[in-house]
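I have placed the structure first, in the form of structure tokens, so that the comments after it can refer back to it.
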Amino acid sequence: MELVILIGLQATGKSTFYRTYFASTHTLVSKDLFRHNKNRARRQTQLIEAALQSGHPVVVDNTNPTVEERRALIDLGHTYGVEIIGYYFQSQLRYCLERNQQRLGKARVPEVALYTTIKKLTPPTYAEGFHKLFFVQITDAGAFEVRSWKGQSVEPAQ
Ligand SMILES: Nc1ncnc2c1ncn2[C@@H]1O[C@H](COP(=O)(O)OP(=O)(O)OP(=O)(O)O)[C@@H](O)[C@H]1O
Ligand SMILES: [Mg+2]
């Protein structure tokens, strides 16, 4: 049983990664699914708890950029005694801006959102309570490359 937490700037490929690897097995929880809810953090907690209580593994698909935001999720994982797995998506601003620009309609987010997130984006560490951490990169060929992450910064300069 596991709680998977995706972490990364907008347009790093998190939702695509979910659809590719987890859609058939894991419940998707994302604040994007209830944009108009007044208390999105509380709603998110309720949905994670409901899934874990009924024995379904969960993927939390938000940018989850700060230690504080992740702490609430990790605490939940500990409460339910599940394995807590983090995927950190390489977050190079210029490539994310490019991919965002290529998105159509509502999928494209205002550029200011990326600038706001990158300022507070903190790569995850084992000290936060993760049991496993991975680093995800999109290759030139458009594939996802996943490797084990030791919690150190392997981000090239922005
Ligand atoms: N492996 C990939 N190779 C090439 N392009 C990709 C890949 N994965 C995603 N993309 C493209 O990058 C863009 C962003 O992907 P996606 O919507 O999955 O990102 P996201 O991290 O979920 O963004 P947000 O945080 O805004 O929800 C999309 O246009 C998508 O088609
Ligand atoms: Mg997404």
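Read-outs throughout are calculated quantities, based only on the coordinates presented, and are distinct from any laboratory measurement. Treat the numbers as computed from the prediction; the structure is a model and nothing was measured. Heads up, the Cβs are rebuilt from the backbone with ideal geometry, glycines too, and the neighbour counts pull from every protein chain shown.
Among the residues of region 32-58, those identified as closer than 14 Å to Ala72 by Cα and touching a helix residue (DSSP H, G or I) at 6+ places or on another chain (Cβ under 9 Å) are Arg40, Ala41, Arg43, Gln44, Thr45, Leu47, Ile48, Glu49. Determine, yes or no, whether Ser91 is of a type in the set (Gly, Ala, Ser) and without any contact (Cβ under 8 Å) to a residue 12 or more places away in the chain. Spelling it out, it is not the case that Ser91 is of a type in the set (Gly, Ala, Ser) and without any contact (Cβ under 8 Å) to a residue 12 or more places away in the chain. Residues that are touching a Pro at 6+ places or on another chain (Cβ under 6 Å) and buried (at least 18 other Cβ atoms within 10 Å of the Cβ) are absent from region 90-113. Working carefully through the options Arg43, Arg94, find the one that is within 16 Å of ligand 1 (Cβ to nearest atom) and either in contact with a Phe, Trp or Tyr (Cβ under 9 Å, 6 or more places away or on another chain) or part of a helix (DSSP H, G or I) (or both). Just a single option satisfies the conditions, and that option is Arg94. One residue stands out in region 7-23 among those that are surrounded by fewer than 18 Cβ atoms within 10 Å (Cβ to Cβ) and β-branched (Val, Ile, Thr): the one that is farthest from ligand 1 (Cβ to nearest atom), namely Thr20. All of (1) within 16 Å of ligand 2 (Cβ to nearest atom); (2) of a type in the set (Val, Ile, Thr); (3) loosely packed, with under 11 Cβ neighbours inside 10 Å hold for Val136 with one exception: (3).
Among the conditions (1) polar (S, T, N, Q); (2) surrounded by 14 or more Cβ atoms within 10 Å (Cβ to Cβ); (3) in a helix (DSSP H, G or I), the only one that Thr63 does not satisfy is (3).
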